[in-house]
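This report refers to the structure that appears directly beneath it.
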Amino acid sequence: MPLQDSLDEKVRLVSPIAGISFGDLNDKRTWRIDFDESATPQQKNAAKDVVDNFVYDDEEKEKDKLRQLVDKVKSDPLYRREYKLYLSTNPSATFKDFIVFLETF
């Protein structure tokens, strides 16, 4: 699950919110919670605690990067064409192999 969705889901468990916005994904100081007007001070504090304790480790970042690339390949005709071409010359390759291949450029 992408960082934004994962954190949004966790925060909504403790507080009503309109959403969460991110400046720099690697800097929590740039993250902002937009609270619903019905949120109590206790709920706001609980939501801030969720953000403060949220861990977006390298493994999750890698999974998120892969998801984004999958979305790109699915939606971009050029990437779809390149993926088909890659598979035609590497029939036993996985999608992850294709991503590694793309990262060489």
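The values are calculated or read from the model by the stated rules, or taken from the named source; none is laboratory data. Because the structure is a prediction, the values reported are computed rather than measured. Cβ coordinates were reconstructed from backbone atoms using ideal geometry, including for glycine residues, and neighbour counts include every protein chain displayed.
Across segment 48-78, what is the number of residues that are in contact (Cβ under 8 Å) with a residue 24 or more places away in the chain, closer than 18 Å to Arg29 by Cβ and β-branched (Val, Ile, Thr)?
Of the residues in that region, 2 qualify.
Check Lys44, Lys48, Lys61 and return the single one that is under 19 Å from the mean Cα position of the chain (by Cα) and at negative phi.
Details: Lys44 fails: under 19 Å from the mean Cα position of the chain (by Cα); Lys48 fails: under 19 Å from the mean Cα position of the chain (by Cα).
The match here is Lys61.
Would you confirm, using the coordinates I've provided, whether Asp49 is among the acidic types (Asp, Glu), exposed (fewer than 12 other Cβ atoms within 10 Å of the Cβ) and assigned by TED's automatic domain parsing to the domain that holds Ile20? Steps first, answer last, please.
Numbers: among the acidic types (Asp, Glu): yes; exposed (fewer than 12 other Cβ atoms within 10 Å of the Cβ): no; assigned by TED's automatic domain parsing to the domain that holds Ile20: yes.
Answer is no for this residue.
I'd like the full set of residues that are surrounded by 12 or more Cβ atoms within 10 Å (Cβ to Cβ), more than 15 Å from Asn53 (Cβ to Cβ) and small (Gly, Ala, Ser), limited to segment 1-24.
Gly19
List the pairs whose first member sits in segment 83-104 and is under 20 Å from Glu62 (Cα atoms) and in the same structural domain as Lys72 (by TED's automatic domain parsing), whose second member is of a type outside the set (A, V, I, L, M, F, W, C) and in a helix (DSSP H, G or I), and whose Cβ atoms are under 6 Å apart, counting only residues at least 6 apart or on separate chains?
If the second residue must be of a type outside the set (A, V, I, L, M, F, W, C) and in a helix (DSSP H, G or I), the pairs left are Phe98/Tyr83; Phe98/Tyr86.
Assigned to a helix (DSSP H, G or I), in contact with a Lys or Arg (Cβ under 9 Å, 6 or more places away or on another chain) and over 22 Å from Val100 (Cβ atoms), is that true of Asp5? Steps first, please.
Values: assigned to a helix (DSSP H, G or I): yes; in contact with a Lys or Arg (Cβ under 9 Å, 6 or more places away or on another chain): no; over 22 Å from Val100 (Cβ atoms): yes.
So Asp5 does not fit the description; no.
Determine which member of the set Ala18, Ala93, Ala47, Ala39 is assigned to a helix (DSSP H, G or I) and of a type in the set (Gly, Ala, Ser). Step through it out loud before you land on a result.
On the way: Ala18 fails: assigned to a helix (DSSP H, G or I); Ala93 fails: assigned to a helix (DSSP H, G or I); Ala39 fails: assigned to a helix (DSSP H, G or I).
Going through Ala18, Ala93, Ala47, Ala39 in turn, just one is assigned to a helix (DSSP H, G or I) and of a type in the set (Gly, Ala, Ser): Ala47.
Which numbered condition trips up Leu66, out of (1) modelled with pLDDT under 85; (2) out of contact with any helix residue (DSSP H, G or I) (no Cβ under 7 Å at 6 or more places or on another chain); (3) among the hydrophobic types (A, V, I, L, M, F, W, C); (4) assigned to a helix (DSSP H, G or I)?
(2)
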